[in-house]
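Before any comments, here is the structure.
The values are calculated or read from the model by the stated rules, or taken from the named source; none is laboratory data. As the structure is a prediction and not an experimental result, all values here were calculated from the model. Methodologically, a virtual Cβ is constructed for each residue, glycine included, from the backbone with ideal geometry; neighbour enumeration extends over all protein chains shown.
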Amino acid sequence: MLETERVLLRPVEESDLIDLLELQWDRNLMKYMNFKPLTLENQKDWLKSLGKDNMAFSIFLKTENKIDLIGLATLNQINTIHQRASWGMKLKSNIQSKGVGFESSLILINFAFSNLNLMKIHGDIMYDNIANRKMCEKIGVREEGILVDHYYQNGKFRDVVLVGILKEEFYLKNNEILTKLNLI
Ligand SMILES: CC(C)(COP(=O)(O)OP(=O)(O)OC[C@H]1O[C@@H](n2cnc3c(N)ncnc32)[C@H](O)[C@@H]1OP(=O)(O)O)[C@@H](O)C(=O)NCCC(=O)NCCS
């Protein structure tokens with residue numbers, strides 16, 4: 001199961017798309033990502049287009065008597081030859097910095113390594129996205145290099161940090177917390 005006591009991930013369903021659109025339009029949340037003003041129709045097309053190389057999960061926060069959609073987690077460019085995929089995540093602004101991104105990443109990366117037989121998870125992060133870089137550091141994700149002036153956003157070129165973690169590194173670093181969260 002893709003869940004812990006407080007967080008649940010399940011494949012995105014069409015009924016989630018309105019909530020997910022809210023994330024896409026949150027300027028604060030999107031400030032370190034390529035902002036595209038998407039419509040609901042765009043979102044529906046995106047869901048249909050995922051295919052076998054991309055997976056998208058809605059993230060839910062479980063509280064005493066309800067469960068709320070609070071974010072999106074993706075595995076992209078799943079490559080079975082090179083046994084790797086990239087991962088991405090966005091959480092509603094009011095949920096950030098409460099450990100949910102870390103926990104959701106553990107769920108997702110554990111799924112990628114143990115169910116999809118991948119050997120590496122990677123990503124790229126805007127250089128000044130401190131929350132994301134700190135979260136990566138906590139998971140044990142290595143910074144592999146910097147792409148200079150790689151994205152043009154809000155009127156300026158932005159540097160990007162390439163990150164990645166290998167399967168054995170992930171389990172070595174996170175064994176204790178994965179056990180505590182009942183993920184392994
Ligand atoms: C990036 C993101 C997924 C991280 O998830 P999160 O739930 O906010 O992060 P966590 O609370 O799990 O924090 C993990 C670590 O990073 C640190 N951290 C989190 N937010 C921080 C911030 N704003 N500034 C500095 N450190 C921060 C925390 O201290 C924490 O370490 P600690 O538990 O040892 O204190 C989330 O902030 C987000 O959705 N941001 C907007 C979208 C985005 O940028 N996505 C990434 C691009 S793919």
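Consider Glu5 carefully, then state whether it is assigned to a loop (DSSP other than H, G, I, E, B) and touching a residue at least 24 places away in the same chain (Cβ under 8 Å).
yes
Within the range 9-46, can you find the residues that are touching a strand residue (DSSP E or B) at 6+ places or on another chain (Cβ under 7 Å), more than 15 Å from the ligand (Cβ to nearest atom) and among the aliphatic types (A, V, I, L, M)?
Passing the criteria: only Val12.
State all residues of the range 32-62 that are closer than 19 Å to Ser93 by Cβ and touching a residue at least 40 places away in the same chain (Cβ under 8 Å); if no residue qualifies, say none.
Tyr32, Met33, Asn34, Phe35, Ser58, Ile59, Phe60, Leu61
Select from the range 117-141 the residues that are farther than 14 Å from Trp87 by Cα and away from the ligand (no atom under 14 Å from the Cβ) and list them in ascending order.
Asn117
Pull out all pairs, ordered by first then second residue, where Cβ-Cβ is under 9 Å, the residues are six or more apart or on different chains, the first lies in the range 136-147 and is under 14 Å from Ser105 (Cβ atoms), and the second is modelled with pLDDT under 95 and more than 16 Å from the ligand (Cβ to nearest atom).
none
Only one of (1) over 15 Å from the mean Cα position of the chain (by Cα); (2) more than 23 Å from Met126 (Cα to Cα); (3) exposed (fewer than 15 other Cβ atoms within 10 Å of the Cβ) is not met by Pro11, so which one is it?
Only one criterion is unmet by Pro11, namely (1).
Can you confirm whether Gln83 is on the phi > 0 side of the Ramachandran plot, over 14 Å from the mean Cα position of the chain (by Cα) and more than 8 Å from the ligand (Cβ to nearest atom)?
On the way: on the phi > 0 side of the Ramachandran plot: yes; over 14 Å from the mean Cα position of the chain (by Cα): yes; more than 8 Å from the ligand (Cβ to nearest atom): yes.
So Gln83 passes the test.
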